[in-house]
Amino acid sequence: MSTTSIRRSAAIPGRDELHPDCGNCFALCCTAFGFSRSADFPLDKPAGTPCPNLAADFSCGIHDRLRPRGFRGCTVFDCFGAGQAVSQGLFDGFSWRDKPDSRSAMFAVFKIMRQLHEMLWYLAEAQERAFDPETGTAAQELRLAIRKVAGGPVPGLLALDVGTLHHRVRQILVEVSEEVRAAYFAVGDELDEMLLPGADLAGLNLRTLWLCGADLRGACLIAADLRGTDLAAVDLLGADLRDARLEDADLSRALYLTQPQLNSARGSLGTRLPGGLEVPGHWQANQNRGVREL
């Protein structure tokens, strides 16, 4: 079965530039960020230093073997298009190798730009799905403001109060979430005490529960069993989906789902995805090997 058979909802407008284009990036994710030896990485790498697997052309020397080599964390990461915006936009296509003096500023602004692009990802959905025109307008106006500041100059970005901006974005996301979920979730349901923001649902079998419209913002869903579950209007903002079982689940109308969340989970070619999100490579690999656990 090919990936073209994946069932999707329509892509949300305004997200085209929020997908990574590694060919137009100077491997900023492989240099700016650090990581520690763990289940996601086999070694320590300080922030601001190139990964030992980084090639001279900024490609990854083990890109097709990252998971077997212990670099699972690399396969989960997504920059939301910040890498090419910084590399080709703010720094005019000159890499940190071309201009070593730009290294510190480039890495620092990349970390900020990734946060801005992630905010833009969420706000595009909030604008599209808001019922209240005023809320939709507020999402649009904040998107435009963030896009403007993301265009530079670099000193302005480095001086940006990202924390305050996060707070403003979060307020709008919560408002839209409440509007969308209200059409699904019955207040006072016996599951309300369980399905809460930040809930610890790790490893639980959730297949028999009515989840539509649940607020699982920031919930721990590590290794939770959601196979075949309808997740319409479920708020997944910041939810931890590492190793969550999503085979044949319907996420096409879930709220605030991102590529990194999908990349960290387990799924199948029968999983329904929102438009604009890609089937993780390891899902396809498992499917091709016939791994379809029941």
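Worth a mention:
- Test for W283: is it modelled with pLDDT under 95 and farther than 24 Å from G73 by Cα: no
- Residue satisfying all of: in the stretch 73-82; touching a residue at least 60 places away in the same chain (Cβ under 8 Å) and under 21 Å from S36 (Cα atoms); surrounded by the most Cβ atoms within 10 Å (Cβ to Cβ) among these: D78
Residue by residue, here is whether (1) of a type in the set (A, V, I, L, M); (2) closer than 24 Å to E118 by Cα; (3) crowded, with 18+ Cβ neighbours inside 10 Å holds:
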residue	(1), (2), (3)
D21	no, yes, no
N24	no, yes, no
L28	yes, yes, yes
A55	yes, no, no
F71	no, yes, yes
Q84	no, yes, yes
Q88	no, yes, no
G93	no, yes, no
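- Flag for F107 being surrounded by 14 or more Cβ atoms within 10 Å (Cβ to Cβ), in the same structural domain as L158 (by TED's automatic domain parsing) and at pLDDT 95 or above: yes
- When the stretch 238-255 is filtered for residues that are in a loop (DSSP other than H, G, I, E, B) and surrounded by fewer than 22 Cβ atoms within 10 Å (Cβ to Cβ), the ones remaining, listed by number, are G238, R242, D243, D248, S252, R253.
- Search result, residues across the stretch 149-197 that are at pLDDT below 95 and of a type in the set (S, T, Y): Y184
- The stretch 260-285: number of residues that are among the polar types (S, T, N, Q) and surrounded by fewer than 20 Cβ atoms within 10 Å (Cβ to Cβ): 1
- Close pairs (8 angstrom Cβ cut-off, 6 or more residues apart or separate chains): assigned by TED's automatic domain parsing to the domain that holds L241 and among the charged types (D, E, K, R) in the stretch 194-213, surrounded by 14 or more Cβ atoms within 10 Å (Cβ to Cβ) and not in a loop (DSSP other than H, G, I, E, B) anywhere: D200/C220; R207/D225
- Residue match in the stretch 111-123 (condition: outside the structural domain of G276 (by TED's automatic domain parsing) and in contact with a Cys (Cβ under 6 Å, 6 or more places away or on another chain)): yes
- For the stretch 129-144, filtered to residues that are part of a helix (DSSP H, G or I) and touching a helix residue (DSSP H, G or I) at 6+ places or on another chain (Cβ under 8 Å), the residue that is surrounded by the most Cβ atoms within 10 Å (Cβ to Cβ) is A139.
- Contact map, the stretch 38-58: residues that are touching a residue at least 12 places away in the same chain (Cβ under 8 Å) and outside the structural domain of S95 (by TED's automatic domain parsing) paired with residues that are surrounded by fewer than 14 Cβ atoms within 10 Å (Cβ to Cβ) and among the acidic types (D, E), Cβ distance under 6 Å, separation 6+ or inter-chain. No pairs are found.
- Of all residues in the stretch 60-113, those satisfying the criterion of being within 21 Å of R242 (Cα to Cα), of a type outside the set (G, A, S) and not in a loop (DSSP other than H, G, I, E, B) are H63, D64, R65, R72, C74, T75, V76.
The values are calculated or read from the model by the stated rules, or taken from the named source; none is laboratory data. Note that the coordinates shown come from a computational prediction; the quantities given were computed from them, not determined experimentally. Cβ coordinates were reconstructed from backbone atoms using ideal geometry, including for glycine residues, and neighbour counts include every protein chain displayed.
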